[in-house]
Amino acid sequence: MRFDVVTLFPEMVTAAAGYGVTGRAIERKIVDLSVWNPRDYTHDKHKTVDDRPYGGGPGMVMKYQPLHDAVNDAKQAGDTTAKVIYLSPQGKTITQTLLSEASGISQLILVAGRYEGIDERFVEMDCDDEWSVGDYVISGGELAALIVIDAITRLLPGVLGDEDSALQDSYTDGLLDYPHFTRPEQLAGCSVPDVLLSGNHANIGRWRMKQALGRTWLKRPDLLKKKKLNAEQEYLLQQFKNEVE
Ligand code: 9D3
């Protein structure tokens, strides 16, 4: 899969994506990441990428032409049909489902805005969709683009090892994680649950499922309402609730 990020801060994107899971996916050529700076598509002496808003008001607006020309070059660097996504507070909030659908596309062009926003005609004419990372304010689209790249990369075949991929099975998705423990066995009088030291992997599996269900019930009841539980999960959740009483 190919990601192209149109950004005034290309090093911010390539640097952050160079770490960890995304960095390895790029090294292994499962992911191809290119960055395109609208400033490189200006033609005036001052390399102007922004201008004052029509109608007045505070802040500056990114100009249409440098963005359009940068996206065009990104499209030409790909070999099939690309989707152009504008990251903005006005977009649809990204979800695992949206990202999972997007992981089947061969090229995503992510446009990161700065200043107050970009010329609306770019959104209308050049973009296929508009995505937000949530209802809070960040200073530009780069961190949002990095979130999209990271979350999609994890879904691509061969990126995660077998152990991590197994965690994406249908029984645990839509639930919070179970609690994790490592050495030492005692920490300030606080011990590790006995079952995890028992070596009984059937019991450990049931305990973890019960904890995942119980924590989701306690902390994210909205998630639990959307989830279809099987008979064993209903039983484990009831056990958890009884123990909380
Ligand atoms: C406080 C400034 N706002 C004036 C009413 C408008 C505004 C302009 C530009 C708010 C944020 C930004 C920059 N944000 C993004 O580019 C952005 C974003 C976000 O702020 N929240 C959630 N998702 C995203 S994706 C891109």
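The values are calculated or read from the model by the stated rules, or taken from the named source; none is laboratory data. Because the structure is a prediction, the values reported are computed rather than measured. Here Cβ is always computed from backbone atoms with ideal geometry, including for glycine, and neighbour counts include all displayed protein chains. We work out accessible area using only protein heavy atoms, side chains counted, and drop any ligands, DNA or RNA first. Shrake-Rupley method; radii C 1.70, N 1.55, O 1.52, S 1.80 Å.
Quick look at the values:
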item	result
Single residue of region 81-97 satisfying the filter (outside any strand (DSSP E or B) and at pLDDT 95 or above) that is surrounded by the most Cβ atoms within 10 Å (Cβ to Cβ)	I94
In region 209-218, residue farthest from H180 (Cα to Cα) [restricted to those that are of a type outside the set (V, I, T) and crowded, with 17+ Cβ neighbours inside 10 Å]	W217
Subset of region 130-164 (residues that are open to solvent by 40 Å² or more (accessible area, probe 1.4 Å) and in contact with a strand residue (DSSP E or B) (Cβ under 8 Å, 6 or more places away or on another chain))	E130, D135, V137
Qualifying positions in region 219-235 - open to solvent by 100 Å² or more (accessible area, probe 1.4 Å), free of Cβ contacts under 8 Å to residues at least 40 places away in the same chain and assigned to a helix (DSSP H, G or I)	K225, Y235
Selection count, region 86-100, where residues are away from the ligand (no atom under 14 Å from the Cβ) and without any contact (Cβ under 8 Å) to a residue 12 or more places away in the chain	1
Residue within region 101-117 that is more than 21 Å from P10 (Cβ to Cβ), in contact (Cβ under 8 Å) with a residue 24 or more places away in the chain, more than 13 Å from the ligand (Cβ to nearest atom) and assigned to a helix (DSSP H, G or I) present	yes
Criterion: without any contact (Cβ under 8 Å) to a residue 60 or more places away in the chain, assigned by TED's automatic domain parsing to the domain that holds G117, under 29 Å from the mean Cα position of the chain (by Cα) and within 16 Å of the ligand (Cβ to nearest atom) - qualifying residue of V137, V148	V137
Single unsatisfied condition, R154 versus (1) more than 16 Å from the ligand (Cβ to nearest atom); (2) farther than 22 Å from F3 by Cα	(2)
Qualifying residue in region 10-18 (condition: assigned by TED's automatic domain parsing to the domain that holds S132 and assigned to a loop (DSSP other than H, G, I, E, B))	yes
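Quick grid of which residues meet (1) loosely packed, with under 14 Cβ neighbours inside 10 Å; (2) in a loop (DSSP other than H, G, I, E, B); (3) acidic (D, E):
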{"residue": "V35", "(1), (2), (3)": "no, no, no"}
{"residue": "H43", "(1), (2), (3)": "yes, yes, no"}
{"residue": "A70", "(1), (2), (3)": "no, no, no"}
{"residue": "D73", "(1), (2), (3)": "no, no, yes"}
{"residue": "D79", "(1), (2), (3)": "yes, yes, yes"}
